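Only one structure is covered here, and it is reproduced in the block below.
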Amino acid sequence: MASVNYFLTEEQQMIKELARQIAREKIIPQRAELDEKEEFPWSIMKDLAQADLFGLFVPEEYGGLGGGCMDICVALEELAYGCIAVTTTYAASALGSYPIQLFGTEEQKKKYLPPIATGEKFAAFGLTEVNAGSDAAAIQTTAVEDGDYWVLNGSKQWITTGGEAEIYTIIALTDKHKGPRGASAFIVEKGDPGFTFGKKERKMGLRASTTRELFFTDCRIPKDRLLGRRGLGFIIAMKTLDLARPGIGAMGVGLSQAALDEAVNHARKRIQFGAPIISFQAIQHMLANMATEIEASRALVYAVARTIDAGEKDIQKLSAMAKLFPTDVAMKVTTDAVQILGGYGYMKDYPVEKMMRDAKVLQIYEGTNQILRNVIGQSLNKEYSKR
Ligand code: COS
């Protein structure tokens, strides 16, 4: 039976095979236990590092492989087929490194990117605070100049890989009264004086990925840790998220595909009323919708990723779409997979209940799907006002 031909390059085909192999051989056998124990996937991160997959999102001149958005999406989709908690840990390092890649000086890039490319150090991104989630410009963490140093005070909430990561890109206010234009971005290292971590959060899903609060108490960092210019922090954060969001969409595609595979395999085996339940139209229609929506998600993610790779810079709306649609589909598909498996689906012995718990976060992090609709709506308003 034919599947859609997305004309992946030879390299992309290799990335796909490699990530798929790691997902099947390393991630799937461990995912239930990692989830149950809320354990950080150290050994799988080592496998990903050995396979050079951390290099994919770092340019060649800084020790990476210089992969494009499409390459990264292909890898994320395949890894997410195994487990999105593990994949989020990998993707968070890309997210944390993007501000350095996009706005770092040559010295900053040379110092921080090579160990991220080898997977020796993880990066993390710190924007969200207790009172600044969707309203990202409402951050209260401050950074004040003091001689040759910046002094940070405040806290960041729900930071992925907080504690395990070594390199943090942090958005803090340098001019309190200037709104979004008063924020700046900084590199903070684990071990910097006055930089500490909160307890590991307990979560509904994504339990193998660690989430912690970050605390800055008179945290003193050298002047040269400022990224870009003073006042550019909000823009750096938004551009970072624009670049990362298609990857979250790709993770939605991988997770949805895994749930569909479980649902079809079960429906073909499960006998009720003397026949496999896949022979019933009610089940067939659910599966048909799932398969169609997954293919539409994949096509959207790939199209946007290729547009970014072709050099398009005005990507805010497209990247929001590439995260929004596949992650809403992932929530629906994983919920339907649990429904098709019925009582089995609700049991921890089967993987779909974890998939459904995990899926929820995709609609929340890196911009809630409500905020993404705002972004798309506002972009449409701007576009049409120019016609
Ligand atoms: N690229 C470049 N510039 C951008 C931008 C983008 N994607 N988004 C906004 N900006 C600019 C705007 O053009 C504006 O610049 P000017 O001051 O020159 O006009 C400035 O940034 C402020 O933008 P805006 O007025 O739209 O800011 P808001 O406070 O209304 O917030 C949203 C905008 C809602 C889009 C933003 O707060 C957001 O994305 N929230 C979600 C945050 C998020 O993803 N959190 C997850 C954290 S990581 S898990």
message = Anything in region 280-323 that is free of Cβ contacts under 8 Å to residues at least 24 places away in the same chain, assigned to a helix (DSSP H, G or I), surrounded by fewer than 17 Cβ atoms within 10 Å (Cβ to Cβ) and touching a helix residue (DSSP H, G or I) at 6+ places or on another chain (Cβ under 9 Å)? List them, or say none.
response = Gln284, Ala303
ask   = Assuming Ile364 fulfils every condition listed in (1) outside any helix (DSSP H, G or I); (2) touching a residue at least 60 places away in the same chain (Cβ under 8 Å); (3) within 16 Å of the ligand (Cβ to nearest atom) apart from one, which condition is it?
value = (2)
request  = Inspect all residues belonging to region 337-348 and state whether any of them is within 17 Å of the chain's Cα centre (by Cα), outside the structural domain of Arg207 (by TED's automatic domain parsing) and buried (at least 22 other Cβ atoms within 10 Å of the Cβ).
outcome  = no
task = Search region 147-161 for residues being hydroxyl-bearing (Ser, Thr, Tyr) and within 30 Å of Leu206 (Cα to Cα), and hand back the single one that is farthest from the ligand (Cβ to nearest atom).
result = Ser155
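So which of Leu53, Leu8 ends up being buried (at least 22 other Cβ atoms within 10 Å of the Cβ) and either closer than 26 Å to Leu206 by Cα or touching a residue at least 24 places away in the same chain (Cβ under 8 Å) (or both)?
When all the criteria are applied, what remains is Leu53.
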query = Got at least one residue in region 180-190 being of a type outside the set (A, V, I, L, M), in a strand (DSSP E or B), away from the ligand (no atom under 15 Å from the Cβ) and surrounded by 21 or more Cβ atoms within 10 Å (Cβ to Cβ)?
reply = yes
Only listed residue being within 16 Å of the ligand (Cβ to nearest atom) and either outside the structural domain of Leu300 (by TED's automatic domain parsing) or not basic (Lys, Arg) (or both), chosen from Val74, Val58, Val86, Val130 = Val130
ask   = Residues Asp261, Asp218: which one is among the acidic types (Asp, Glu) and either in contact with a Gly (Cβ under 7 Å, 6 or more places away or on another chain) or buried (at least 24 other Cβ atoms within 10 Å of the Cβ) (or both)?
value = Asp218
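The values are calculated or read from the model by the stated rules, or taken from the named source; none is laboratory data. These numbers were taken from a predicted model, which means no experiment stands behind them. Neighbour counts are summed over all protein chains in view; Cβ atoms, including those assigned to glycine, are modelled from backbone coordinates with ideal geometry.
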